[in-house]
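Structure first, then comments.
The values are calculated or read from the model by the stated rules, or taken from the named source; none is laboratory data. Note that this is a predicted model, so its numbers are computed, not measured. FYI the Cβ positions are ideal-geometry reconstructions off the backbone, even for glycines, and counts take in every protein chain you see.
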Amino acid sequence: MTCPLPDSHVIPLLRGAAVTTNRTLSKAARGGLHRYYNSQAGLPQIVFPFDIGVTRQSNILNSVATFYKYLIKDGQRIIPVSEAIRHSAHMALVRVQINGQAHYGEVQTAFEHYQTGCGQQLFLEIRWMIPAPMPPQYRPTWQHR
């Protein structure tokens with residue numbers, strides 16, 4: 001799911017080298033952007049190109065974006081899995097604090113999207129990790145006591 005962090009959780013990132021200036025977004029990314037833009041109060045309605053019932057006040061979702069090879073956060077390089085050599089994830093792992101709770105994920109893509117009526121924003125497409133309970137046979141020995 002593609003969704004930027006809420007305004008209260010803005011993370012200062014430096015943009016790295018752009019891969020291409022115009023590359024088509026995935027279907028999942030377009031769906032996430034559509035949901036995000038339409039959930040924001042005060043913004044014009046965003047519609048898909050072939051939606052039925054489009055009004056003159058509606059804006060068609062821009063399906064292209066500028067993708068980045070890497071981003072820099074606190075001096076550390078974040079390389080999305082889509083741009084990493086052999087799709088290695090070790091430089092794509094991130095930890096984000098939201099409402100005092102840590103969330104861990106793997107950055108799939110980093111792109112800047114311009115949408116008419118909404119401006120230009122940086123988005124990260126993140127595959128979030130979910131904690132799984134460990135069966136007793138796999139727990140470290142110091143947890144058995």
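Here are some notes:
- In the stretch 55-76, residue nearest to Leu25 (Cα to Cα) [restricted to those that are buried (at least 16 other Cβ atoms within 10 Å of the Cβ) and aliphatic (A, V, I, L, M)]: Ala65
- Total residues in the stretch 82-95, condition polar (S, T, N, Q) and surrounded by 12 or more Cβ atoms within 10 Å (Cβ to Cβ): 1
- Of the residues making up the stretch 27-39, not a single one is within 24 Å of Trp128 (Cβ to Cβ), part of a loop (DSSP other than H, G, I, E, B) and not charged (D, E, K, R).
- Restricting Ser26, Ser39 to residues that are surrounded by fewer than 10 Cβ atoms within 10 Å (Cβ to Cβ), within 29 Å of Leu71 (Cβ to Cβ), of a type in the set (Gly, Ala, Ser) and under 17 Å from the mean Cα position of the chain (by Cα) narrows the list to Ser39.
- Residue satisfying all of: in the stretch 101-113; without any contact (Cβ under 8 Å) to a residue 60 or more places away in the chain and among the polar types (S, T, N, Q); surrounded by the fewest Cβ atoms within 10 Å (Cβ to Cβ) among these: Gln101
- Out of Ile79, Ile52, Ile98, sole residue that is β-branched (Val, Ile, Thr), under 22 Å from Met129 (Cβ atoms) and surrounded by fewer than 16 Cβ atoms within 10 Å (Cβ to Cβ): Ile98
- Odd one out for Pro4, checked against (1) modelled with pLDDT under 70; (2) of a type outside the set (Val, Ile, Thr); (3) farther than 17 Å from Tyr114 by Cα: (3)
- Taken together, the residues in the stretch 49-106 that are in a loop (DSSP other than H, G, I, E, B) and in contact with a helix residue (DSSP H, G or I) (Cβ under 8 Å, 6 or more places away or on another chain) amount to 3.
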